[in-house]
There are 2 protein chains.
Amino acid sequence: MASFKVPTQDMKFVLTELFDAPALWNSIPHFEEVSEDLAMAILEEGAKLSENEVFPINRSGDEEGCTWDDGKVTTPSGFKEAFQTYAESGWTSLGGNPEFGGQGLPKMLTCFVEEMFYAANSSFALYPALTNGATLAIDAHGSQALKEQYLPKLYDGSWSASMCLTEAHSGTDLGLIRTKAEDQGDGTYLITGTKIFITGGEHDLTENIIHLVLAKLPGAPAGPKGISLFMVPKIKVDSDNNLGDGNNVSCGSIEHKMGLKGSSTCVMNFDGSEGYLVGEVNKGLAAMFTMMNYERLTVGLQGVGLSEVSYQSAREYAQDRLQSRAPTGAVAPEKMADPIIVHPDVRRMLLTQKAYAEGNRAFASFVAMKLDIAKHHPDSDQRNAAQNMVALLTPVAKAFFSDRGLDACILGQQVFGGHGYVREWGMEQMVRDARIAQIYEGTNGIQALDLMGRKVAANSGEWLYQYCDEMEQYIETCSQASEIPEFIQSLKDSIDVLKRTTEYVLSESASDVNVIGAASCDYLNLLGLVTLNYLWVRMAAVSSSKTDDHFYSSKVKTGQFFVQKLLPEIQGYAAKVRSGADSLMQFNDNEF
Amino acid sequence: MASFKVPTQDMKFVLTELFDAPALWNSIPHFEEVSEDLAMAILEEGAKLSENEVFPINRSGDEEGCTWDDGKVTTPSGFKEAFQTYAESGWTSLGGNPEFGGQGLPKMLTCFVEEMFYAANSSFALYPALTNGATLAIDAHGSQALKEQYLPKLYDGSWSASMCLTEAHSGTDLGLIRTKAEDQGDGTYLITGTKIFITGGEHDLTENIIHLVLAKLPGAPAGPKGISLFMVPKIKVDSDNNLGDGNNVSCGSIEHKMGLKGSSTCVMNFDGSEGYLVGEVNKGLAAMFTMMNYERLTVGLQGVGLSEVSYQSAREYAQDRLQSRAPTGAVAPEKMADPIIVHPDVRRMLLTQKAYAEGNRAFASFVAMKLDIAKHHPDSDQRNAAQNMVALLTPVAKAFFSDRGLDACILGQQVFGGHGYVREWGMEQMVRDARIAQIYEGTNGIQALDLMGRKVAANSGEWLYQYCDEMEQYIETCSQASEIPEFIQSLKDSIDVLKRTTEYVLSESASDVNVIGAASCDYLNLLGLVTLNYLWVRMAAVSSSKTDDHFYSSKVKTGQFFVQKLLPEIQGYAAKVRSGADSLMQFNDNEF
C-alpha cells in the first residue's frame, strides 16, 4: 500500500544547509520574524496534518469523487472536515499579505507546505492552491477597498477562490475569449459567459467562492490586449461581508476526469453576475501573469510531492516484497527469496524517483528563493537579478517537475508489478493525479515555448548567460571542489553543452523562427537537467564532509547516481535541438 | 473524440514492399496457400469488424467495466455479441494448427490483426489473445488426445482459455508457487490452489473456459524445476465435448484496475479441480516458455495499436482545434486562429507518435517474420538463425513497444490539452489501457534482464553480433544507398554504438555480475532504437524512388524525423550503460 511521511529532514537540509535561508531571511526586513525554529515548527505541524488527516482521505476521495446535483457540488467524505481543520490551523494564510491578515511567510518555506499536501492528497491541496493564486492577484492589482474586504475572508479560509480563464474554444489562446463584461457605471460590472475547466469553481468547503474572471468590455481591442480581470463572488456580500443574494453564478456540470477526482473541475456559467474590476481595463492578462510564476511553481510542486510519496511507497514495497535472489547470491537465505530491492534494475527505478524528488525539491526551493528575493529584497539590483532568474526558471520548474513527476510515479507503479495496476494499492492513482500537472496552468509545451521564445531568444540569452555565470562562479568558489572533482567536471561539461545549444538556437532562429518551437521541449529538458546537475553538485558539496551520517552519505551517492544515470540524457536533448526545425516543418498536410 | 481507421495501407506496405512476405510464404510449404490477395482480404475484413463493431464499445466498456456477482463475471454491454461475431467470422482460429481446425496463417499477418483489435478495444482483444496463447502451448505440448478434443472448440471460439501462473506471493519468481497437483492414477490430476491476476479467468463470452495452470506435484524439486502444467476445464466435458458438472473452479473476485476495465482480471480458486497434464512432469515452465515469444510479441502489439489510435485521434484534433497563429504568420487568416498542427512542438508530438506507431509496426512484423521462419522454414539453418533473432528481439519488442506505446498515448493526450484529461474524449483511457502492457507477461524490467543476461551475455553476444551482421549486410547491398546517404550513415554510427556498448557489458560483467542488471533497461532501449533505425532506413530506401505519392514521401520524411529527433537518445543510453553498476549498488539499506 501507499505510505507517506513528510521528508522534513530533507526540507530542513535544503533550507538551512543548502541555501542558508535563515541568513537570507535575516537580510530581508519583510522576513525578519522568520527563524529556523519557526520554519521547522511549521514543517512539523504541516507534516502532522498532511500525514494524519489529509493523506488518509486520498484513496477514498479518488473512489468517491466529487458529485454534482442540480448545481451543487459535494466533495468526497472527509474533505469538508479536513479543510475546516486546515483553515482553522492557519494553513490558508501562510503566504498572505500581513496587512490583510496573512502570515507573510517566504515562498521558500511555503513551497514545502504545498509539496507535502500535494503528496498527501493532490485533490485536496488544489482547493487552497487556487485561493492562494487568486489572493496574489487581488493583492497585487485589486483596489485597497477590495483587498480590505475580501483578502481577510480568503486568508482565513471562510471563503475560497477560483480562476476562470478557459472557455471551450479558448484555452492556450486566451485572446479568443467571449465572456462579456458590461460597465454599470457604479463601480460594478455585469459578467456574462461560460468558463470551463474551473478547478474549485463550486464545492461545499466554504460559505462563499470568489471567482476571478477574464472577460471583455464592449469595444475592447481584439485578442489578448482586450481582456480585463473581474472579481465575481458566488454570493453577493454587503460591506460588512454578510452574505446576501445569489449572484447568478452557477455550476453547469463537473468533468469526469482521469484523476484528481476529489477536486471539482467545473463548467461555470455567469449570467449577468455582478463583479468588480481588478487592475486596469484591458490589462487583465498582465494582472493574471503577475501571480503566474507563483502558480506555476505550485503546479510543479505537485509533481515533486507525488514523486516523493510514490518513491516512499515503492521503497517500502521493494524492501518487503520477496522474489528471486540477488545476482551475486542470496542476501536473505533464511527467507524464501530476497527482497526485490537487491536487484540493480529495481534500484535504478527507486533511485531515479529519489534523485528527482530530492533534486526537484531543491530546485523548487531555489526558484522560491529567487521569488522571495525578487519580491522583498531591499536591494533593487538583487531584486532585478532574481526576477530574471524567476522568469527564466519558472517555466522549467513547472514543466520539468511535472514531466519527471509523472515518470517517477510510473516507475513507482512499476516497482509494484501487477499490484501497481490495481486501484486499492494506490500507486496508479498517483500516476493519474500527476498527469494533470503537465496540462493545466499552461501545458508543458507552452512552458517550453515561453522559455525558449520569451525567456531566452527574446533577450538574446541574457538571462541564460547570467544563470551560467552564477553556476560558473559557484564552481570557482566551491571550497569542496577538490573533494568532489567528478561532480565539478560534470557541471563544467553540462554548462558547456547548455551554452553551445543556446548559441545554436539564437543563431539559427534569426533566419528560421520555427527553430524556437522545434527546440523548445528538448531545450527545457536540457536546462532542467543542467539545473539539477548544479543543485546535486551543491548538495554533494555540503554533504561531502559529513558522510559518516547516512543522510549525507546518501546525498553524495544520489548525486553520483544522478550524474551517471540521468544526466547523460542531455547529449540526446542537445543533439535533437541542433537538428533544427526542418524534420518537423517539411510535412505537408496530407503527409501526417 | 477518439477516432480509428485500421492503417491497412501501411500494413500492406510492410508486408509486401518492406519484407516481400508473399515471396517468403511461397518458399515455405506451410504457407503456400497464403497469397497477397488473401492477406489483404483478411486485413480489410478485420478492419471492418474492429472499426465498426469493436471500437464503438471501447469507451462504454471502460465506463461500465466488468462486474462480479457471486462468482459470475459479466462483461460490458456489447462484448458478448461482438465476441460472437468475432468467433463466427473465424477470427479466433487464424493462427491455429490446421490439423485441428486452425487456419495456419503466418504470424506476420496475424500480428496485424492483433494490432488492430488492440487499437480498437484492448480489453476486448485480450479475451482471444489469452486463448491464442493457451492453444499454442496445448498444440506444442499436449497429448494427441487433448489436442483433438480441445483445440477445435478453442479455435472455433465456443470455448476460451486462461493462463494461471501468478499467485499472491509469486509473480516474477514462479518457482515459489504453492498450487498443488495430486496424481489420481487415471490420467487425471486434482489441482488445488489460488491464482491471481488471471486475465479472462471468468467471463460470460463462452460456454466453457479451459485453464492452463502451473502447479507442483508432491515431492517435486523446489523452485522452477518442480513446476508442471495442467489443463483444467471450468466445466467438465465428456469425450464428445458435452458439458457436464462444474469442476470446483471458482472466481473469487475481480480486480479494480487503472484501465482495461472491460477485461476481467480474476482471482481463481481451484479446489480439487480435475485436470490433465500438458507436457512432461516438472517441465511446466518450459512448456509455457515455448509460446512465450508469441505472447510477448502480442503484448507488445497492444502498445503499437494504442500508439496508432492515439496518433490518429490526436492528428484529427490538431487539424481541427484552432488556437493562436503559426510562428511564421497566419496560415488560416479567414479563421479565428490557426489549427494547432502548424506549431512545431505539436508536430513533434504527433510525429513522435507516428514514428513509433509505424516503426514498431515494421519491427513487430520483422520479429513475426523471424517467428514464422523459425517455426516453418524447410531449411534448418534458416530456422536456427531466425530462432536466435526471435530470442534476441522478442524481449525488446515486448518492452520497447509497450514503453513507447505509453509515451505515444501520453503525447496524444497532451495534444488534446485539458480535453485529454477528461474521460469522455477517450484519450486518457488509451494511457490507462496502455500502461498494463509494461507490467504483464513479464515486467519490462524482466524483459530487459532476459535480453541482457540470457540473450546477450550468456552467449557472449553471439546473437547480437549475428544481428549486427544482418544490418551491415543490408547496408552493403542496399541499392538505394546513394539516394539516402544520411540514413545509411546514421545506421553505421548507431551499429557502432551498439557494438561498443555490448563489448563494455560483456567485458565488465565478467568481474561484476551486477553490471548486467544495471545495464539492462538502457541497453534494451538502445537496441530498440537501433532496430528502429535499421527499419526506418529500409522503409526510406524502398520509398525513396516513389516520393511523388504522399504515402511514400511521408515515409521518407518520418524516417528523417526519427533519425534527427528520436535516434539521438542512444547517446544517453550508451553513456548510462557505460557508467556500470556502482552508482546503483553502493547504497546501503538505510540510504534509500
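The values are calculated or read from the model by the stated rules, or taken from the named source; none is laboratory data. Quick caveat, the model's predicted, so the values are computed rather than measured. Don't worry about glycine lacking a Cβ; one is built from the backbone with ideal geometry, like all the others, and counts go over all protein chains shown. Just so you know, the surface numbers come from the protein's heavy atoms only, side chains and all, with ligands and any DNA or RNA stripped out. Shrake-Rupley method; radii C 1.70, N 1.55, O 1.52, S 1.80 Å.
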Notebook entry, point to check: Which of the residues belonging to segment B:16-26 are touching a residue at least 40 places away in the same chain (Cβ under 8 Å) and not acidic (Asp, Glu)?
Noted result: B:Leu18, B:Phe19, B:Ala21, B:Leu24, B:Trp25
Margin query: Please go through segment B:506-521 and give me each residue that is open to solvent by 10 Å² or more (accessible area, probe 1.4 Å) and either touching a strand residue (DSSP E or B) at 6+ places or on another chain (Cβ under 7 Å) or of a type outside the set (Val, Ile, Thr) (or both), ordered by number.
Written below: B:Leu506, B:Ser507, B:Glu508, B:Ser509, B:Ala510, B:Ser511, B:Asp512, B:Asn514, B:Cys521
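A quick yes/no check of all residues on (1) part of a helix (DSSP H, G or I); (2) crowded, with 24+ Cβ neighbours inside 10 Å; (3) more than 23 Å from the chain's Cα centre (by Cα):
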position: B:Cys251; (1), (2), (3): no, no, yes
position: B:Ser263; (1), (2), (3): no, yes, no
position: B:Phe270; (1), (2), (3): no, yes, yes
position: B:Tyr276; (1), (2), (3): no, no, yes
position: B:Thr290; (1), (2), (3): yes, no, no
position: B:Arg296; (1), (2), (3): yes, yes, no
position: B:Gly303; (1), (2), (3): yes, yes, no
Margin query: Is it the case, given these coordinates, that A:Glu503 is more than 16 Å from A:Gln466 (Cα to Cα), of a type in the set (D, E, K, R) and open to solvent by 10 Å² or more (accessible area, probe 1.4 Å)?
Written below: no
Margin query: Within segment A:431-439, does at least one residue satisfy the condition of being more than 30 Å from A:Arg454 (Cβ to Cβ) and either of a type outside the set (D, E, K, R) or more than 11 Å from chain B (Cβ to nearest Cβ) (or both)?
Written below: yes
Item checked: Selection status of A:Gly442, on the phi > 0 side of the Ramachandran plot, touching a helix residue (DSSP H, G or I) at 6+ places or on another chain (Cβ under 9 Å) and free of Cβ contacts under 8 Å to residues at least 60 places away in the same chain -> no
Checklist line | Subset of segment B:191-215 [within 14 Å of chain A (Cβ to nearest Cβ) and of a type in the set (D, E, K, R)] | finding: B:Lys195
Next item on the list: Consider B:Lys283 carefully, then state whether it is open to solvent by 10 Å² or more (accessible area, probe 1.4 Å) and in contact with a helix residue (DSSP H, G or I) (Cβ under 6 Å, 6 or more places away or on another chain).
Entry: no
Next item on the list: Would you mind stating whether B:Val213 is open to solvent by less than 20 Å² (accessible area, probe 1.4 Å) and within 17 Å of B:Tyr276 (Cβ to Cβ)?
Entry: yes
Notebook entry, point to check: Can we say B:Lys180 is of a type in the set (Lys, Arg) and surrounded by fewer than 20 Cβ atoms within 10 Å (Cβ to Cβ)?
Noted result: yes
Check: Inside segment B:470-511, can you point out the residues that are among the aliphatic types (A, V, I, L, M), modelled with pLDDT of 95 or more and either closer than 12 Å to B:Asn533 by Cβ or outside any helix (DSSP H, G or I) (or both)?
Finding: B:Met471, B:Ile475, B:Ile488, B:Leu491, B:Ile495, B:Val497, B:Leu498, B:Ala510
Next item on the list: Pick out the one residue from B:Phe31, B:Phe13 that is aromatic (Phe, Trp, Tyr), open to solvent by less than 20 Å² (accessible area, probe 1.4 Å) and within 22 Å of the chain's Cα centre (by Cα).
Entry: B:Phe13
Check: Taking segment B:552-567, which residues are open to solvent by 20 Å² or more (accessible area, probe 1.4 Å) and at the interface with chain A (Cβ under 9 Å from one of its Cβ atoms)?
Finding: B:Lys557, B:Gln560, B:Val563, B:Gln564
Item checked: Residue tally, condition open to solvent by 10 Å² or more (accessible area, probe 1.4 Å) and either of a type in the set (Val, Ile, Thr) or more than 7 Å from every other protein chain (Cβ to nearest Cβ) (or both), over segment A:571-587 -> 3
Note to self: more than 11 Å from chain B (Cβ to nearest Cβ), surrounded by fewer than 24 Cβ atoms within 10 Å (Cβ to Cβ), at pLDDT 95 or above and part of a helix (DSSP H, G or I): which single residue out of A:Ala364, A:Ala374, A:Ala368 fits that description?
What the structure shows: A:Ala374
Next item on the list: Please report, ordered by residue number, the helices (runs of 4 or more DSSP H) entirely within segment B:71-164 with at least 1 residues that are surrounded by fewer than 20 Cβ atoms within 10 Å (Cβ to Cβ) and modelled with pLDDT of 95 or more.
Entry: B:79-88, B:122-141, B:144-155
Notebook entry, point to check: Does at least one position in segment A:418-439 carry a residue that is modelled with pLDDT of 95 or more, crowded, with 23+ Cβ neighbours inside 10 Å and in contact with a His (Cβ under 9 Å, 6 or more places away or on another chain)?
Noted result: yes
Check: So is B:Gln447 more than 10 Å from chain A (Cβ to nearest Cβ), over 23 Å from B:Gln564 (Cα atoms) and open to solvent by less than 10 Å² (accessible area, probe 1.4 Å) or not?
Finding: yes
Note to self: Every residue in segment B:526-551 that is in contact (Cβ under 8 Å) with a residue 24 or more places away in the chain and open to solvent by 10 Å² or more (accessible area, probe 1.4 Å), please.
What the structure shows: B:Arg538, B:Val542, B:Ser544, B:Ser545, B:Phe551
Item checked: Criterion violated by A:Ala458 - all others in (1) part of a helix (DSSP H, G or I); (2) within 14 Å of chain B (Cβ to nearest Cβ); (3) crowded, with 20+ Cβ neighbours inside 10 Å satisfied -> (3)
Check: Does A:Leu464 qualify as being over 30 Å from B:Leu174 (Cβ atoms), under 14 Å from the mean Cα position of the chain (by Cα) and either modelled with pLDDT under 95 or part of a helix (DSSP H, G or I) (or both)?
Finding: no
Next item on the list: Tell me which of these B:Ala337 doesn't satisfy, since it passes every other one: (1) open to solvent by less than 10 Å² (accessible area, probe 1.4 Å); (2) assigned to a helix (DSSP H, G or I).
Entry: (2)
Check: For segment B:173-217, which strands (runs of 3 or more DSSP E) that fit wholly inside it have 2 or more residues that are in contact with a Pro (Cβ under 9 Å, 6 or more places away or on another chain)?
Finding: B:180-183, B:208-215
Check: In the list A:Arg325, A:Arg315, which residue meets the criterion of being at the interface with chain B (Cβ under 9 Å from one of its Cβ atoms) and either free of Cβ contacts under 8 Å to residues at least 24 places away in the same chain or over 25 Å from the mean Cα position of the chain (by Cα) (or both)?
Finding: A:Arg325
Notebook entry, point to check: If you check every pair at least six apart or on different chains, which have Cβ atoms under 8 Å apart with a residue in segment B:483-505 that is of a type in the set (Asp, Glu) first and a residue that is surrounded by 14 or more Cβ atoms within 10 Å (Cβ to Cβ) second?
Noted result: B:Glu483/B:Ala541; B:Glu483/B:Ser544; B:Glu486/B:Gln560; B:Glu486/B:Val563; B:Glu503/B:Gly461
Next item on the list: Tell me, yes or no, whether segment B:392-408 has at least one residue that is within 11 Å of chain A (Cβ to nearest Cβ), open to solvent by 10 Å² or more (accessible area, probe 1.4 Å) and charged (D, E, K, R).
Entry: yes
Notebook entry, point to check: Can we say A:Gly453 is surrounded by 21 or more Cβ atoms within 10 Å (Cβ to Cβ), within 11 Å of chain B (Cβ to nearest Cβ) and assigned to a helix (DSSP H, G or I)?
Noted result: no
